[in-house]
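Taking it in order: structure first as structure tokens, then the write-up.
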Amino acid sequence: MNDLLFPSGSDEVSGLYARVLLETGIDAPEGLTYAVPPAMADLAVGERVVAPLGRGDRPAEGHVVEIVDSVDFDPARIKVLTKRVGVRTPPGLVRLAQWMAAYYCCPVGMVLGTMVPAAVKKGTGRVRRRYLERALDAEGQPIEPTEKLTPTASKAWEGLLALGDGVFPIEPRALVDRLGLKSIAPVNRLIRAGLLNEVERVTVRAPLFDIPLEEDVRPTLTPDQASAVAAVVRDLGEFRPHLLRGVTGSGKTEVYLHVLEAVLARGGSAVVLVPEISLTPQTAGRFLKRFQRHEDVASDQGATRRMTDLVAVLHSGLTASQRHQQWTRLATGEARIAIGARSAIFAPFPESAPLGLIVVDEEHDSSYKQDQLPRYHARDVALKRGQLEGCPVLLGSATPSLESWHNARRGRFGLIELTQRVGGGVMPRVEVVDLAEERRARPDLVRMRDTLGPRLSVAIGRTLDEGGQVMLLLNRRGYAGYIACASSSCGWFLQCDQCDVALVHHRARLESPDGRQVKFVQCHHCLSRQRLPSLCPVCDRKLMSLGFGTQRLEEELAGKFPQLISGDTMLRLDGDTMRTARDYFHALEAFRRGDVRLLMGTQMIAKGLDFPDVRLIGVVNADTAIHLPDFRAAERTFQLVSQVAGRAGRSASSASARVIVQTMNPMERAIVCAAKHDFVGFAERELEGRQSAGLPPVSRMVRIVCRDEDPEAAFGRSRRIAESLRQLNEAHLDVRGPMACPIGRIAGQTRVSVELLAPSAGPLQRALTTLRNLDVARSDRHTAIDVDPVSLM
């Protein structure tokens, strides 16, 4: 790295000019032009540099996208680049960033800033280490001593000659150990004699991973799996999207592993995207174990085997130095497979190991969509990167998004289906329980406050008595979701001061300033907290808690089943208990060992888990999302119920596992189809409804949300945007709104939306470009432009 500084306006220039995309909010898609100083004459596209910006020449980091030898304006007015920083961004990622900036209506510098982790920019964990190499003559042979060596140095020299070339470069202390010396003195003597050369290398030091390696069982592929592998391998070397729809337990991961082996055999690299909550040690360990490379290294004891991981893991549980280390291993080619959550799609690879495959597991998962600038969807960015770099993209899911299913039906994606489970597993029988009817039929067994109906309660007790394990899903945190006055004539309820939502009662307690313990309620949108009042502030009557969350379920389970002890034989997995990835991993490992008998929680338990001793899975309330004012509510309900039901019956030993789904809407199509494992039936009916309403995926959508503390300002801005769009007279562009968002206020900001729909992306992109050119709408703190939104709340 060249750290020489060049003053702005310096006469020392090389005659070259660089177009630089700065990592700022400046909306300059083509970049800014800077002069290249002589010491940076070898500057290349993709390198990160520091450039002076504005009247004060504020240093700003950016990426070089073009080098030219002439400009169209006065060179004397051009500022000079300050220095190089960091590592090079591959040209393919620069092109991807430019596409993302245009498509998602975001400054390109912010996109580039997102691509390179902060730990890499800061150099976290980077250290300089001293290594030793043998001094060689012009013919590449070790130099002979020209002076007499001491006996210990002579012995060290003889040992040195016996070492293979693969040992070097080596750290001094490691060489002492390898030669069996008592001290480093003989090695220092060889350095002074010119027989060893000292070299300095920059490496990234980080603590070791805490990921246990899974046993690498290589099952024989079923005919369907073999056919799936062949279909994807056939397209290696060219862009082709494939949708792999495989029922839960059908062996999709084994298909991924076999295709990845083919990619590595061709000298390529790969990206495997996994939702954050599915990136468990079980998942990562399986990839790490399969792709360990064994190398023969010559030594004085003969040939030895050295094992190197070809997989780099990227997830939120890494320290900054670990993230830098893993990113560097990919950029240098030491690792060839990046497995990680959303941002792993930006993994860098060297030209010697080009990107050969992108896998998006659980491609329907909404966590692939980022909810802040740049608001990209990792699945769609994966498709674009595959197109730019000429490699196939494999999208896998048991319950594909309707967008991907629609593309497969139209022939834009190849469709591969795995309809049978492997290893003797069968799809579990799902029992749908009408909770309202059950409460009416057995009032002696059910209290209105209970979250568990009689059938699920009996099944839990029987499963525990027989030594089996239980998993319960309730996709709602907290204790109660609604706090209101017990008096029907009062009507008061507890609402967030900053948001138009009810506050959620949590049973945890916070320390008050005077040292007392206080109960609290929390807003799940702005995260503000308030004391839980003891009486109604309007009429001084008692308060009641309505609705239920995971905390109330935990309390009820502990009361009904004495063998379940919170934090010991029963664990709750939600955003309140799982603070870090390490907490989550340790909880899953305790369940795998059998120390935990019952695992309950939110959607954290719905995906990517495979526990053979699970005999019962219960969906405590399948209705948590079904009635939300969002056209994707039914799709999400179907996916969640299907995914959690898929944790049962995955092996021959657990073929008798039960799945019980409690609902107040037993005839809801999403729940009925999920119980029958009928994805195709649900998808076709849902697409018919989307077609008649003109909603995605049969159309494309952009949602513009205006936010302001002043309601009139928010509505006024949204009206100007809507009027400007209607004046465009763009054919096939449907402008809806302005209208208040379903949650009209969050964190004190009034929210007003305008929705754009069109049969294709073209009209939407032209409309957004016009809005930016007219300076009517830009992505900033007052305006959020969301292309292909996944939530309308």
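The values are calculated or read from the model by the stated rules, or taken from the named source; none is laboratory data. Just so we're clear, the structure is a prediction, and the values are computed from it rather than from any experiment. In this analysis, Cβ positions are derived from the backbone assuming ideal geometry, glycine residues included, and neighbour counts consider all displayed protein chains. With ligands, DNA and RNA removed, areas are computed over all heavy atoms of the protein, side chains included. Shrake-Rupley method; radii C 1.70, N 1.55, O 1.52, S 1.80 Å.
A few points about this structure:
- Residue selected from the range 576-614 under the condition among the charged types (D, E, K, R), at pLDDT below 90 and open to solvent by 40 Å² or more (accessible area, probe 1.4 Å), by the criterion farthest from PHE548 (Cα to Cα): ARG593
- Residue within the range 359-368 that is touching a residue at least 60 places away in the same chain (Cβ under 8 Å), within 18 Å of LEU260 (Cβ to Cβ) and in contact with a His (Cβ under 9 Å, 6 or more places away or on another chain) present: no
- Single residue of GLN387, GLN372 found to be under 35 Å from the mean Cα position of the chain (by Cα), within 30 Å of GLY92 (Cβ to Cβ) and free of Cβ contacts under 8 Å to residues at least 40 places away in the same chain: GLN372
This table checks each residue for (1) closer than 22 Å to VAL255 by Cα; (2) of a type in the set (S, T, N, Q); (3) buried (at least 23 other Cβ atoms within 10 Å of the Cβ).
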site: ALA344; (1), (2), (3): yes, no, yes
site: GLU363; (1), (2), (3): yes, no, yes
site: SER366; (1), (2), (3): no, yes, no
site: GLN372; (1), (2), (3): no, yes, no
site: TYR376; (1), (2), (3): no, no, yes
site: LYS384; (1), (2), (3): no, no, no
site: PRO392; (1), (2), (3): yes, no, yes
site: SER397; (1), (2), (3): yes, yes, yes
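- Selection of first residues in the range 254-268 that are free of Cβ contacts under 8 Å to residues at least 60 places away in the same chain and of second residues that are open to solvent by 10 Å² or more (accessible area, probe 1.4 Å) and in a helix (DSSP H, G or I), restricted to Cβ pairs under 6 Å at least 6 apart or on distinct chains, gives the following pairs, ordered by first then second residue: LEU257/ARG290; HIS258/VAL229; ALA262/VAL233.
- Selection count where residues are part of a loop (DSSP other than H, G, I, E, B) and in contact with a helix residue (DSSP H, G or I) (Cβ under 7 Å, 6 or more places away or on another chain), scope the range 421-444: 5
- Cβ-Cβ distances below 6 Å connect the following pairs, each with a first residue in the range 35-48 that is farther than 21 Å from VAL120 by Cα and touching a residue at least 24 places away in the same chain (Cβ under 8 Å), a second residue that is β-branched (Val, Ile, Thr) and part of a loop (DSSP other than H, G, I, E, B), and a separation of six or more residues or different chains: ALA35/VAL13; ALA35/ILE78.
- Long-range neighbours under 8 Å by Cβ, at least six apart or interchain, first residue more than 15 Å from GLY396 (Cβ to Cβ) within the range 229-242, second open to solvent by 40 Å² or more (accessible area, probe 1.4 Å) and in a loop (DSSP other than H, G, I, E, B): LEU236/ARG266; GLY237/ARG266
- ARG77 being over 26 Å from ASP786 (Cβ atoms), open to solvent by 60 Å² or more (accessible area, probe 1.4 Å) and at pLDDT below 85: no
- Summed over the range 85-126, residues that are within 30 Å of ASN197 (Cβ to Cβ), of a type in the set (A, V, I, L, M) and open to solvent by 30 Å² or more (accessible area, probe 1.4 Å) total 1.
- Residue in the range 450-464 that is least open to solvent (accessible area, probe 1.4 Å), counting only those that are within 23 Å of GLY547 (Cβ to Cβ) and hydroxyl-bearing (Ser, Thr, Tyr): THR451
- Output for the range 567-589, where each listed residue is out of contact with any strand residue (DSSP E or B) (no Cβ under 7 Å at 6 or more places or on another chain) and of a type in the set (Gly, Ala, Ser): GLY567, GLY575, ALA581
- Summed over the range 402-447, residues that are farther than 30 Å from LEU243 by Cβ, at pLDDT 90 or above and either crowded, with 17+ Cβ neighbours inside 10 Å or of a type outside the set (D, E, K, R) (or both) total 1.
- Restricted to the range 174-197, and to residues there that are charged (D, E, K, R) and in a helix (DSSP H, G or I), the residue that is most open to solvent (accessible area, probe 1.4 Å) is ARG192.
- Residues considered: ALA353, ALA344, ALA312, ALA335. Of these, the only one that is under 14 Å from VAL271 (Cβ atoms), touching a strand residue (DSSP E or B) at 6+ places or on another chain (Cβ under 6 Å), in a strand (DSSP E or B) and at pLDDT 85 or above is ALA312.
- Filtered by the rule that a residue be touching a His at 6+ places or on another chain (Cβ under 6 Å) and part of a strand (DSSP E or B), the range 717-775 gives ILE746, ALA758.
- The set of residues from the range 469-487 being in contact with a Cys (Cβ under 7 Å, 6 or more places away or on another chain) and not in a strand (DSSP E or B) comprises just one member, SER487.
- Filter result for MET793 (assigned to a loop (DSSP other than H, G, I, E, B) and either among the hydrophobic types (A, V, I, L, M, F, W, C) or without any contact (Cβ under 8 Å) to a residue 24 or more places away in the chain (or both)): yes
- Applying a threshold of 8 Å to beta carbon distances and a minimum spacing of six or more residues, or different chains, the list of pairs starting in the range 556-574 at a residue that is of a type in the set (Asp, Glu) and ending at one that is in a helix (DSSP H, G or I) reads ASP574/THR550; ASP574/MET604.
- Residues within the range 164-192 that are at pLDDT below 85 and in contact with a Ser or Thr (Cβ under 9 Å, 6 or more places away or on another chain), tallied: 3
- For the range 546-575, a residue qualifies if it is closer than 20 Å to VAL614 by Cβ, at pLDDT 90 or above and of a type in the set (D, E, K, R), and the qualifying residues are GLU554, LYS560, ASP568, ARG572.
- Every pair of residues 6+ apart whose Cβ atoms lie under 6 Å, when the first sits in the range 587-616 and is under 19 Å from GLU362 (Cβ atoms) while the second is at pLDDT below 80 and of a type in the set (A, V, I, L, M): MET604/ILE277
- For VAL65, the test of being assigned to a strand (DSSP E or B) and open to solvent by 10 Å² or more (accessible area, probe 1.4 Å) is passed.
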